[in-house]
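Below: one structure, written as structure tokens.
Readers should treat all values here as calculations from the given coordinates under stated rules, not as data from a laboratory. Computed from a predicted model, the values in this text were never measured in an experiment. As a convention, Cβ positions derive from the backbone with ideal geometry for all residues, glycine included, and neighbour counts pool all protein chains shown.
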Amino acid sequence: MQNRTILHLDMNAFFAAVEQRTNPHLKGKPVLVCGNPKGRTVIISPSYEARAFGVKTGMNLWEAKKLCKNSILVECNPANYVEVANHLQKLFIQFTPLVEIFSIDECFLDVSGCQRLFGSGRDIALKIKKRVREELDITCSVGIGPNKLLAKLGSHLKKPDGLVIIEPEKIQQVLENLPIQELCGIGPRITEKLNKLGVYTCGQLARYPVEILQRMYGIVGLHLHDIAWGVDDSPVMPYDYVEPAKSVGHSFTLPKDTFDREVAKKYLLQLSEQVARRLRKGNYKGKTVHLIIRIPDFTTLGQQVTIRKFLDEGVEIYHTAVKILDKFNVEAIGVRLLGVSVSNLICGSSQLSLMPEENRRQCLIYAMDKINDKYGEFSVTWGRLVSGFKQNNIISPAWRPHKNIRFGYN
Amino acid sequence: MYQALGESIEVLAVFQKGKIRPLSFKWKSRVYKISRVTSHWSAPVGKYKWHHFGIVDKDDNFFEICYDEERCSWNIKQTWKEG
Ligand SMILES: [Mg+2]
């Protein structure tokens, strides 16, 4: 692959920073963005002022409050974060169409082809940082490298408001003593296994015999060897590229633990409906249903079932999920969180059934979808869910900008 | 601390080129001049949208106000009280 210049941009304490820009009274103060502060929730995004006290993402509210008594709790407001993220994406694609959204506050830019227009990678990074600060009043860390792996490492090395360039000739030097878990793609499990082999740093991993890695991990072993050398050929995908889904799922933490099977089933029906809606929106059907149950002590149990037919209807997904639920004794173990997902997907198959009953059902669901598209989720739904719960306060990890910002490029 | 409100208010605003720019509002018979819109986001409510604005007045008070497309009406959602 030719010499590339890749930028990785990571917004600093994104949700908290958006809250601080919205309300200037929060500036310079320890802000904790959380779910519903009255319910059971964790810290989703602590501001840098709160991080200085040791507060981390994912901490319990009481834990965070103990570390930082003067912290200010703010309930998360996804619509506001999405608005800012859309603004950011509009800004980035003014530099290059090769903007890969990695998450709501992170993305990759391939600026290899636009340096004559906008200057070097460093110039572009500085221009973007300036505009992000001026237009949105937030900061970001930028990493620049010859590939995505090293660009991401760069932005990770200096926070907040950093700018780190990893020059191709410095790669070995940067990686030599870097702990392996700092590399994107090496999770806790692989880290633990490699540590047992005496491999702690990227330098050690780079020198570890690749044949052994391959024997242990197959194709992943080759990948581990590559990234330890700083090699990563994966392209930056254009901002309007839609990856085919591998699975579609939703989960929900119950307002309080339940030991009642009927209560759990009701939540299951709503989750199944949500999953089905998303399947149909993407024109997918799937035949493997996976149920996750987290019990009050946080142990997570799960099982999956593959059936013969491809599903995209909430009630069918629900019946399959209930069959899995039946294998667990809810009255004894209790339920804290439920998750339903569907995998083994096919795309774009909507076939009329030979049975008129089935066709009528499909028409009914089509009509329900249209109404819910127009009037909001769960405007029409099954009677069982009428007194159901709503969950609007989520940004799915698969969040992508709205289609309506796709402009300027063909 | 945020103080939740939720009262209907009168707002003077410019609607132009698909954008809404609130200028001042009257709440409890007092007029507040908006010096800066800090943030704007919208959320669908049924078929219509609510347009939220984070705003700061001349005396540095923070408010969140909201325009309800369906009813063509304005609402004050919350304010910030120190301490
Ligand atoms: Mg971030």
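For a straight C-alpha distance cut-off of 30 angstrom, the lysines reachable from A:Lys285 (same-chain residues fewer than eight places away being disregarded) are A:Lys246, A:Lys265, A:Lys266, A:Lys309, A:Lys323, A:Lys327, A:Lys370, A:Lys374, A:Lys390, A:Lys403, B:Lys47.
The protection proxy used here, the mean number of other Cβ atoms lying within 10 Å of each residue, ranks peptides A:359-371, A:102-114 as follows, highest first: A:102-114, A:359-371. Taking label points 7 Å from Cα along the Cα-to-Cβ direction, B:Lys33 and B:Gln3 give a separation of 2.3 nm. Ranked by the mean number of other Cβ atoms within 10 Å per residue, highest first, peptides B:54-66, A:11-23 order as A:11-23, B:54-66. Translational diffusion coefficient of the protein assembly as shown at 10 °C, 1.306 mPa s, Stokes-Einstein with Kirkwood Rh over Cα pairs, in µm²/s as a whole number. Answer, rounded: 62 µm²/s. Antiparallel as a % of all DSSP beta bridges within the protein assembly as shown, to the nearest 5? Roughly 90 percent of the DSSP beta bridges within the protein assembly as shown come out antiparallel. Under the classification rounded if a/c is under 1.5, otherwise prolate if a/b is larger than b/c and oblate if not, where does the stretch A:1-166 fall, given a ≥ b ≥ c as square roots of the Cα gyration tensor eigenvalues? It is prolate, given that a/c is not under 1.5 and a/b is the larger ratio.
Taking the charge dipole of chain A about its Cα centre, with +1 at Lys and Arg Cβ atoms and -1 at Asp and Glu Cβ atoms, the residue from A:Ile128, A:Ser247, A:Gly35 reaching farthest to the positive side is A:Gly35.
The charge dipole of the protein assembly as shown, taken about the Cα centre with unit charges on the Cβ atoms of Lys, Arg (+1) and Asp, Glu (-1), comes to about 640 debye, rounded to the nearest 20. Hey, how many Å between the Cα centroid of the stretch A:22-38 and the Cα centroid of the stretch A:114-184? When both Cα centres are located, 28 Å separates them.
Full extension of the chain between A:Lys374 and A:Lys27 yields a length gain of 121.1 nm, computed as 0.36 nm times the residue separation minus the alpha carbon distance. Between the listed residues A:Pro356, A:Thr300, A:Val335, the Cα displaced farthest toward the positive end of the dipole of the stretch A:247-385, a dipole computed from Cβ unit charges relative to the Cα centre, is found at A:Pro356.
Neighbouring Cβ atoms from other chains, within 10 Å of the Cβ of residues in A:22-35, number 3 on average. So how far, in whole Å, is the C-alpha centre of the stretch A:315-340 from the one of the stretch B:27-70? Here the two parts' Cα centres lie 43 Å apart.
In this Cβ point-charge picture (+1 for Lys and Arg, -1 for Asp and Glu), the stretch B:2-80 has a dipole of about 240 debye about its Cα centre. For the stretch A:87-203, the percent of C-alpha pairs falling in each 10 Å distance bin, counted from 0 to the bin holding the largest distance, reads 13, 41, 29, 13, 3. Most simply put, the stretch A:1-166 has about 75% antiparallel DSSP beta bridges, counting only bridges with both residues inside it. Compared with the alpha-carbon gap, the fully stretched path from A:Met237 to A:Lys65 is longer by 57.8 nm at 0.36 nm per residue.
State the percent of C-alpha pairs, over all pairs in the stretch A:247-385, separated by a distance greater than 24 angstrom. That fraction is 31 percent.
Ordering of A:161-168, A:128-135 by packing is A:161-168, A:128-135, highest average first (other Cβ atoms within 10 Å, averaged per residue).
Here the calculated FRET efficiency for A:Asp226 and B:Glu70, from their Cβ-Cβ distance with R0 = 56 Å, stands at 0.50, rounded to the nearest 0.05. Remark: mean inter-chain Cβ contacts per residue of B:36-48 equal 5, using a 10 Å Cβ-Cβ cutoff to other protein chain atoms.
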